[in-house]
Structure formats: C-alpha cells, structure tokens
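Everything below concerns the one structure shown next.
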Amino acid sequence: AKEQGRCCFKFYSDSLNCRAIERLELEQELRKALQNDEFELYYQPQIDVEKDQIVSVEALIRWHNPKHGLISPAEFIPIAEETGLIIDIGEWVLKTACQQAKLWLDQSGNECRVSVNLSSVQFKRGSLVGFIQTVLEETALPANLLELELTESAIMTDVEENIVRLQQIKALGVGIAIDDFGTGYSSLSYLKKFPISTLKIDRSFITDIDTSADAAAIVKAIIVLAETLNLDVIAEGVETKGQLQILQSFNCSLIQGYLFSPPINANNFEKLLINDLHL
Ligand code: C2E
Ligand code: CA
Ligand code: CA
Ligand code: CA
C-alpha cells in the first residue's frame, strides 16, 4: 500500500507539474504572440433573415501558435486576462476590427456593423472610453458601425460605475450588446438602467430550443423582453433549420451560427459580403 501510495503521489505530482509547466510555456508564448504577428481575426456573419442580408459581423480572435498550431480563445483568453496581456491583445483586436470594417464599408458600400468582444478586464480600465474614441478617429469608422459585446458578469460588478462608463460609450455612438444573455445574473431590473442596445441569447438555449420546452420558453421570454425594452435581440449558435424556424415563429430575425457560416477569415468574409450573401 505504501509503494502504491508513493507511486500515485508521484504520478499525481508529475501531472500537476506538467500542467503547470505547459501553462507557463503558453503564458510565455502569449507574451510574444503580438509582436510575432500570430493573431488573426475571424469573422462570423450576423444575418437578418427577414431582409436576407448580413447586417453585422462578430470578430473572433484566433492564435496561430508556431508550436501547437491553432489555439482556441477559450484556452488563451483566460490566461491573457490573468496576466494582464488582454489589454494589449484587446487593443489590437479593436483596432484591427475597426480598420477592417472601414475597409469593407469603403469597398462594398455595405454598412455592415462589427461586433467586438470586450473582456471585463478591459471594461474596468479608466482609459477604455478614450481608447475607443481614438480608434474610431484613427480608422474613420462611423461609430454606429461598432458594437461592443460584454457579458452580464462584466457589467454587474460595480454597477453604478459601469452605468457611467456605458453611457460614455453610448455617447460616442457605439452600440453595446450583452453576450451570453440568460446565463448570468437573473435580475432583470438592471436592464432598464444600462444603456444597452442588443441582447445576444446564449447558444445553450438555442441548442435545446427544439427539444426542450423550457429552453423554448426562455428564448421566447427573452425575445418579448427585448421587444418591450426596445432592444435588438440576436440568437447565437443557430445550427439547424428547425432551430431557425422556431426563432422565426418567435419573431427573432437576427441570427448567428453555423447554419449560415462558421467564423471565417477576412478574405472569405469579404467574398460573402461582396456577393451579398446567397447563403
Ligand atoms: P462568444 O463571444 O460567445 O463567441 C461565440 C463562440 O461560439 C465562438 O467561439 C464561435 O465560433 C462559436 N459559435 C458560433 N456559432 C456557433 C454554432 O452554431 N455552434 C457552435 N457550437 N459554436 C458556434 P470562439 O471563436 O472559439 O470563441 C470563444 C470565446 O472566446 C468567445 O465566446 C469569447 O468569449 C472569447 N473571445 C473570442 N474572441 C475574443 C476577443 O477578441 N476578445 C475577447 N475578450 N474574447 C474573445
Ligand atoms: Ca461574443
Ligand atoms: Ca456569446
Ligand atoms: Ca461565451
């Protein structure tokens, strides 16, 4: 038993070490990724199915790591947040997305809005509003063509402070979407207080919409809520025609998901935009 114990302990501690080292390596590589130009933005269209048009696009970061290949943002964004690297990475994302959106606007004349994910770490910084303003000036992107996606948890800490910040962002003309809506704080009273423009219904509800009456009821309630508060509502993670049909029967016409397109690189998105869809 003693032998076995020692063996198990050794195995356990090795695998812990191993994970810690891997994580440290990733962190060190993340520090170099920006200067080595290893990040790329992918773009996923958001479609108005009534108008049969791409109305906006979400920018999603990709990391091409020379050793490990493509690393998912779900894996490295948390590390970037813990280390503070998210500030520089987030600034790069915002600049690149706005530059790209302005290019597409000039090329296609299509007033496609770009949605950029904002980490709570970025949102808390006092310099955020000034930075957004600078990026808009430098890229000459009309402010109404930019939307920022924030999660409920990001805006639910320090509510009073956040309302002021969101009002400043709104004053620039920039839209604000609540990402993963329905998964966070269930208190709805704040919705009226925050100057937001869009609710993004979390993918988990959409996934179950055609198999779970509860999920369908929640989606329906969110759509009615958005209508009542005069907010846009978009369903994310739509993968099947069945899901789309239910959403349409609920009067939700803004859709994002694999059914139309996964996130794709800038060149491929440009083709979609210029060919004006035909999905
Ligand atoms: P998110 O903001 O909720 O983004 C939606 C995620 O769902 C994306 O994953 C997208 O590829 C995926 N998705 C879209 N449609 C479908 C679908 O029909 N089915 C399924 N199964 N998945 C779908 P991705 O690109 O891996 O990003 C994961 C998360 O990483 C994002 O979740 C966001 O929280 C974060 N993230 C991505 N890019 C950035 C960024 O530039 N800045 C920050 N702060 N976070 C980012
Ligand atoms: Ca998002
Ligand atoms: Ca989301
Ligand atoms: Ca998410």
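The values are calculated or read from the model by the stated rules, or taken from the named source; none is laboratory data. For clarity, every value in this text was computed on a predicted model and none was experimentally measured. So basically every Cβ, Gly included, is an ideal-geometry build from the backbone, and we count neighbours across all protein chains shown. Protein only, heavy atoms only, side chains kept; ligands, DNA and RNA dropped before computing areas. Shrake-Rupley method; radii C 1.70, N 1.55, O 1.52, S 1.80 Å.
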Worksheet, complete the sentence: The correct count of residues that are under 21 Å from residue 135 (Cα atoms) and either of a type in the set (A, V, I, L, M) or in contact (Cβ under 8 Å) with a residue 60 or more places away in the chain (or both) in the range 31-61 is 11
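When the residues of the range 160-209 are filtered to those that are assigned to a helix (DSSP H, G or I) and under 18 Å from residue 225 (Cα atoms), which remaining residue is most open to solvent (accessible area, probe 1.4 Å)?
Of all residues in the range 160-209, those assigned to a helix (DSSP H, G or I) come to 160-172, 189-193, 203-207.
Still in the running and under 18 Å from residue 225 (Cα atoms): 189-193, 203, 205-206.
Details: 189: 80, 190: 8, 191: 6, 192: 165, 193: 114, 203: 133, 205: 31, 206: 0 Å².
Ranking the candidates gives 192 first.
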Item to complete: Sort out which residues of the range 86-123 are open to solvent by 50 Å² or more (accessible area, probe 1.4 Å) and more than 21 Å from residue 197 (Cβ to Cβ), and write them in order of number.
Response: 88, 91, 92, 95, 99, 103, 106, 107, 109
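Within the range 135-179, track down each residue that is free of Cβ contacts under 8 Å to residues at least 40 places away in the same chain and within 16 Å of ligand 2 (Cβ to nearest atom). Quick ask: steps written out before the conclusion?
First, the residues of the range 135-179 that are free of Cβ contacts under 8 Å to residues at least 40 places away in the same chain: 136-137, 140, 142-144, 148, 150-164, 166-168, 170-171, 173, 176, 178.
Across the range 135-179, the qualifying residues are 148, 150, 151, 152, 153, 154, 155, 176, 178.
Going residue by residue through the range 130-141, is there one that turns out to be touching a Gly at 6+ places or on another chain (Cβ under 8 Å) and either of a type in the set (Asp, Glu) or crowded, with 16+ Cβ neighbours inside 10 Å (or both)?
Keep residues of the range 130-141 that are touching a Gly at 6+ places or on another chain (Cβ under 8 Å), which gives none.
No, the conditions are met nowhere in the range 130-141.
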